[in-house]
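The values are calculated or read from the model by the stated rules, or taken from the named source; none is laboratory data. Note that the coordinates shown come from a computational prediction; the quantities given were computed from them, not determined experimentally. Every residue, glycine among them, receives a Cβ derived from its backbone with ideal geometry; neighbour counts consider all protein chains shown.
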Amino acid sequence: MREIKFRAWDHYKKQMVEVKGLKQYPAGDWSVWDGETEVLPCNVSIMQFTGLTDRQGKKIYEGDHWQLGDEIYIIIWHQGDLQTGWKKRAGDNMTDIGKDNACRGEVIGNIYEGEKL
């Protein structure tokens, strides 16, 4: 079974927050608990752990920039007819990342910080 884990980007503080708890408000907004304080829903973007790790053993999350050879991809969840799952996206091109492929590449950043595409 895959570990269910989240992280969040705090837009106000411009830093990644480890999520220890989530709270959903009636309007559908989410806030996160980082173990010390609640981060308000308008300030965060939540990213889910894919259950995959890169060649360095680093956990791969939704929104990560992941590199395999000369290609850099963004990790996304794609809901499709027969191809629902974690994908690597480069432009309009989306393909399954897969466990074997994941451990050959490397996380080099994410959509909020680090390496830019």
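Here are some notes:
- Residue in the range 93-102 that is surrounded by 17 or more Cβ atoms within 10 Å (Cβ to Cβ) and not β-branched (Val, Ile, Thr) present: yes
- Residues satisfying the criterion are absent from the range 27-46 (criterion: more than 21 Å from residue 113 (Cβ to Cβ), under 17 Å from the mean Cα position of the chain (by Cα) and modelled with pLDDT of 90 or more).
- Of all residue pairs spaced 6 or more apart or on separate chains, those with beta-carbon atoms under 9 Å, a first member in the range 89-100 that is closer than 16 Å to residue 70 by Cα and at pLDDT below 90 and a second member that is assigned to a strand (DSSP E or B) and acidic (Asp, Glu) are 90/71.
- Looking at 62, 71, just one residue is acidic (Asp, Glu) and under 15 Å from the mean Cα position of the chain (by Cα), and that residue is 62.
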